[in-house]
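To keep things clear, I will list the structure first and then write my remarks on it.
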Amino acid sequence: MPRMMFNKLVFSVALATGFAAAAQTADQAWLRYSGYDGEIVVPPSVRALGQSALEQSAASELQTGIRRFANSGAGFTASAQLGETVIGTAAEVQKAFPELRVPASLKTDEFWLHWTIYHGNTLAIVAGGDDRGALYGAFALLRNVTDPSLNIRSHPAMPIRWVDEWDNPDGSIERGYGGRSIFFEGGNVRRDLGPVAEYARLLASIGINGCNVNNVNAAPQLIDSDHIKQLARIADSMRPWGVHLAMSVAIASPQTIGGLSSYDPLDPAVKAWWAAKVSEIYILVPDFAGFTVKADSEGQPGPASYGRTPADAANVLANALEPHGGVVLYRAFVYNHHADWHDLKADRARAAYDIFHPLDGKFAANVIVQTKEGPIDFQAREPVSPLFAGLEQTSQAMELQITQEYTGQQRHLVYLAPMWKQVLDFDLRADQKATPVKEILAGKSFHRPLGGMVGVAGVGQNGWLGSPLALANLYAFGRLAWSPDLTPEQIAKEWTRQTISTDPQVVATVDKMLLQSWPAYEHYTGPLGTQTLTDITGSHYGPNIESSENNGWGQWHRDDHMGIGMDRTVATGTGYTGQYPPEVAKIYESLKTTPDDLLLFFHHVPYTYKLHDGKTVIQYIYDSHYRGAAEAAELGTEWATVKGRINDKLYQEVRARLEYQVGHAIVWRDAIVQYFLKQSGIPDDQGHAGHFPGRLEAEDARLTGYKVIDITPWEDASGGKAVVCGDLPAIAFHPGDVSPSAAPVPISRIEAVPHAPCSAEWTYTGAAGRFNVAVQFFDLPGGVAHFTLNINGHPAADWLADATLPSRRPNGDNSTRHTARDVDLKPGDVLSLQGDPDKNDPAALDYIELTPAR
Ligand code: GCV
């Protein structure tokens, strides 16, 4: 098939594949060591005082980093050239330099960076409370190579700083958007663990000390004797960087792989089985960090099968791990996913507190209850989980999602640090005292020995997270776990300078974009605390408002013709607000004091309800989605200003991604706005909703071969309809039938339907002028359709529908656009769009839209 290639092809391939690189290294993230501004004060002569692997890693990292800075043109100060950089534990440094006053009280993982003249020689000292502290210090020094007054002492705010990977033994990654697993393939640990060592290096640079490598929906066989040996290789690869292996385990393992008749945690045989299994692990992995447990959740077996509690289950594992120094991260993500939608008192948000609060004080000392930041599931905005204030005698960790499951799946730029920061700073007012979440996690508020943060990362072989700018989230997670007092602005700046450029204009632009991105996403997906109005039973990506309702998953927002929102008050609703300490409960209980951005999470209100500024809820919904889409467009405009100032490959890749995002934000905007216009029947006083100047619908065109279909959900297409060339592929399930965790049907199982090209034709009737012609089409997987836009029979643009987008059916997951710019049109001109289907991609088309070219 002849295919004309416009530059779009390059970009859409980039969108599908991300960074292509020969060997996967940490340098492809932020450890590039090429940006500097000023002279380097760190002496290039580097010496480790001790022999430990961590100190050797620290020394080699410093040597590599300093050499790279020098190779990229950085100069050294005269004293740096003559001096020495010395790395060691505080004790080693003190012994080597007896007259130096090294702080004696450095704790585990803490470091001290100090620049001094010692006996006439320049010394840059990196001293650690232990060798891992020294390693962290080396990375900190590399972030500060031009700081002439170096004197930094820093320790992590919390002991548990882990990433969780939801990798499956077959190499797939649940909710991963960065390619295949770096850990597993074909049921086993991968032979090449080079990327794992590089990942550990990346993690060490931001102070992460644990990595749980397998899905919390745990494959039991991963702890059989054969796999433990394999997993020991992963631990070996990460150890030189101070990152300890952790694993998710299935509570039913004693039965499924142990051959026992039960997995009842109180059964002595089950206890003995876990104790033996843990001992077996520690023989091969002596620094094993511990287990993460998902039980009685989304179909995972758990202690409830035997009438036992999460504490019963957690303690059995904890007792087995305790002699070896391991911990249990028991997830509070336990809820009934068959809740009764008709029951106005039912509320998934209540579940974690209802189940875990009564167990406070019953967990063993090495159990940490791991709670997602909000009570539902990583939505674009949720209130802070009340459970953080409800466990005063239990160590706690907060689980955040670095992988952007509900926040644009790395195709959308969404910098999450501002969201996380709001959560960390949120003062729950437990016992009428200041108890910000960050202090609870640090163990300060309730005097707990353990605690921390766990980030679900989902890194893969494709540029780690599949998208260059998404790496800012991984970076931010580590930095906040180390120091929750950092601001999102500071972190963005650090990351941009290391990753993209130190050019002040670039730094200012990229940081501005990062900081704008989460509010923009919230504005065009689900404002006022409605949660992300996405397809919650399927992809978790595009818009699908009703998918939240009428089912047991409990992500309800309860919209009808009159109003919207979940009444979670004590007075008239589910009583969820009563789970917060009284001062916070009082704020959320009242409509007047609930902040607008969480209004619909806590209250059911009529569409005409007035927000604090007097605007009605329905008008806010319309305005917010238009505003969000415009903000997405601004991201693209801002990025254009860094062209020529940064690496061009990076520039082009991000440009293509942002162009996609701008189009998908319009899909979101139109879906939500047309849905609520119909649902409420209330017109938009700004005149946007329901009015699309310049839009020509495919279903209104003169069609050859194309046939009109209804799109499901209807709001995902303009006017609810689209045209397809040939038949839609048969699919093996209805999206509403699958659980959020279900794997998609493999494309190979879907039958292809060949068809000749089709066309849609419109006659232009407006005034003569120059236009941009946006073609809104559905890019389905399992085929690469080809589109050609002709004006009066002459090709004006052509492109391939070759991006990788979710869903087998045309809907908001895969609705996307191609814009042909600067097209001259006069009355009577014929615009024709030819769609050439390919296998399972029927070249489906929604509309074209003409906007005057500037
Ligand atoms: C690993 C959500 C996700 C699931 C995930 C689950 C969890 O439901 O969609 O993929 O399962 O959360 O956190 O356990």
Qualifying residue in segment 298-320 (condition: farther than 19 Å from V456 by Cα and in contact with a Gly (Cβ under 6 Å, 6 or more places away or on another chain)): no
Residue in segment 387-396 that is in a helix (DSSP H, G or I) and either open to solvent by 10 Å² or more (accessible area, probe 1.4 Å) or within 16 Å of the ligand (Cβ to nearest atom) (or both) present: yes
Selection from segment 773-786 of residues that are under 10 Å from A844 (Cα atoms) and either at pLDDT below 95 or hydrophobic (A, V, I, L, M, F, W, C) (or both): F777, F778, L780, A785
Residues satisfying the stated conditions in segment 247-282, i.e. open to solvent by 20 Å² or more (accessible area, probe 1.4 Å), within 20 Å of A235 (Cβ to Cβ) and either of a type in the set (S, T, N, Q) or out of contact with any helix residue (DSSP H, G or I) (no Cβ under 9 Å at 6 or more places or on another chain) (or both): S279
Meets criteria (open to solvent by less than 10 Å² (accessible area, probe 1.4 Å), touching a residue at least 40 places away in the same chain (Cβ under 8 Å), within 15 Å of the ligand (Cβ to nearest atom) and of a type outside the set (D, E, K, R)) for G408: yes
Residue match in segment 265-278 (condition: without any contact (Cβ under 8 Å) to a residue 60 or more places away in the chain, in contact with a Gly (Cβ under 6 Å, 6 or more places away or on another chain) and not polar (S, T, N, Q)): yes
Condition check for D347: over 23 Å from W166 (Cα atoms), over 29 Å from the mean Cα position of the chain (by Cα) and either more than 16 Å from the ligand (Cβ to nearest atom) or surrounded by fewer than 20 Cβ atoms within 10 Å (Cβ to Cβ) (or both): no
Wholly within segment 39-147, helices (runs of 4 or more DSSP H) carrying at least 1 residues that are among the charged types (D, E, K, R) and under 27 Å from I491 (Cα atoms): 53-71, 131-142
Among residues of segment 284-303, those that are away from the ligand (no atom under 16 Å from the Cβ) and either hydrophobic (A, V, I, L, M, F, W, C) or over 29 Å from the mean Cα position of the chain (by Cα) (or both), counted: 6
Extreme residue, nearest to V507 (Cα to Cα), among residues of segment 617-658 that are surrounded by fewer than 19 Cβ atoms within 10 Å (Cβ to Cβ) and among the hydroxyl-bearing types (S, T, Y): T641
Selection from segment 480-506 of residues that are surrounded by 20 or more Cβ atoms within 10 Å (Cβ to Cβ) and either in a loop (DSSP other than H, G, I, E, B) or under 17 Å from the mean Cα position of the chain (by Cα) (or both): L480, A481, P484, P488, I491, A492, W495, I500, S501
Flag if H561 is of a type outside the set (A, V, I, L, M, F, W, C), more than 30 Å from the chain's Cα centre (by Cα) and within 18 Å of S548 (Cα to Cα): yes
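Yes/no matrix, rows are residues, columns are (1) farther than 29 Å from Y177 by Cβ; (2) part of a loop (DSSP other than H, G, I, E, B):
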residue	(1), (2)
E522	no, no
L528	no, yes
Q531	no, yes
T537	no, yes
S547	no, no
G552	no, yes
Q555	no, yes
R568	yes, yes
T577	yes, no
Residues (touching a helix residue (DSSP H, G or I) at 6+ places or on another chain (Cβ under 6 Å), β-branched (V, I, T) and either open to solvent by 20 Å² or more (accessible area, probe 1.4 Å) or within 30 Å of P543 (Cβ to Cβ) (or both)) located in segment 350-375: T371
Matching residues, segment 613-635, being free of Cβ contacts under 8 Å to residues at least 24 places away in the same chain and under 31 Å from the mean Cα position of the chain (by Cα): A630
Which listed residue, of Y576, Y607, Y541, Y524, is open to solvent by less than 10 Å² (accessible area, probe 1.4 Å), over 25 Å from R627 (Cβ atoms), of a type outside the set (D, E) and modelled with pLDDT of 95 or more: Y576
Within segment 216-230, considering residues that are within 16 Å of the ligand (Cβ to nearest atom) and in a loop (DSSP other than H, G, I, E, B), the one nearest to E165 (Cα to Cα): V216
Every pair of residues 6+ apart whose Cβ atoms lie under 6 Å, when the first sits in segment 567-587 and is without any contact (Cβ under 8 Å) to a residue 60 or more places away in the chain while the second is open to solvent by 70 Å² or more (accessible area, probe 1.4 Å): T577/V570; G578/V570; I587/T593
Lone unmet requirement of (1) away from the ligand (no atom under 16 Å from the Cβ); (2) farther than 30 Å from T569 by Cβ; (3) outside any loop (DSSP other than H, G, I, E, B) for Y353: (2)
Test: V196 is within 26 Å of R175 (Cβ to Cβ), β-branched (V, I, T) and open to solvent by less than 40 Å² (accessible area, probe 1.4 Å): yes
Residue within segment 191-210 that is in contact (Cβ under 8 Å) with a residue 60 or more places away in the chain and either touching a Pro at 6+ places or on another chain (Cβ under 6 Å) or within 16 Å of the ligand (Cβ to nearest atom) (or both) present: yes
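Residue by residue, here is whether (1) open to solvent by 20 Å² or more (accessible area, probe 1.4 Å); (2) of a type outside the set (S, T, N, Q); (3) within 16 Å of the ligand (Cβ to nearest atom) holds:
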position: G137; (1), (2), (3): no, yes, no
position: D147; (1), (2), (3): yes, yes, no
position: P159; (1), (2), (3): yes, yes, no
position: W166; (1), (2), (3): no, yes, yes
position: P169; (1), (2), (3): no, yes, yes
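Only one residue in R175, R239, R233 is on the phi > 0 side of the Ramachandran plot and either assigned to a helix (DSSP H, G or I) or within 14 Å of the ligand (Cβ to nearest atom) (or both), so which one is that?
Result of the check over R175, R239, R233: R175.
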Residue among S445, S467 that alone is open to solvent by 20 Å² or more (accessible area, probe 1.4 Å), of a type in the set (S, T, Y) and modelled with pLDDT of 95 or more: S445
Odd one out for P323 among (1) part of a helix (DSSP H, G or I); (2) closer than 26 Å to D267 by Cβ; (3) open to solvent by 20 Å² or more (accessible area, probe 1.4 Å); (4) in contact with a Pro (Cβ under 9 Å, 6 or more places away or on another chain): (4)
Complete set of residues in segment 182-215 that are outside any helix (DSSP H, G or I) and either among the aromatic types (F, W, Y) or modelled with pLDDT under 95 (or both): F183, F184
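The values are calculated or read from the model by the stated rules, or taken from the named source; none is laboratory data. Because the structure is predicted, anything quoted here is derived from the model rather than measured. In this analysis, Cβ positions are derived from the backbone assuming ideal geometry, glycine residues included, and neighbour counts consider all displayed protein chains. Calculation scope for accessible area: heavy atoms of the full protein, side chains included, ligands and nucleic acids excluded. Shrake-Rupley method; radii C 1.70, N 1.55, O 1.52, S 1.80 Å.
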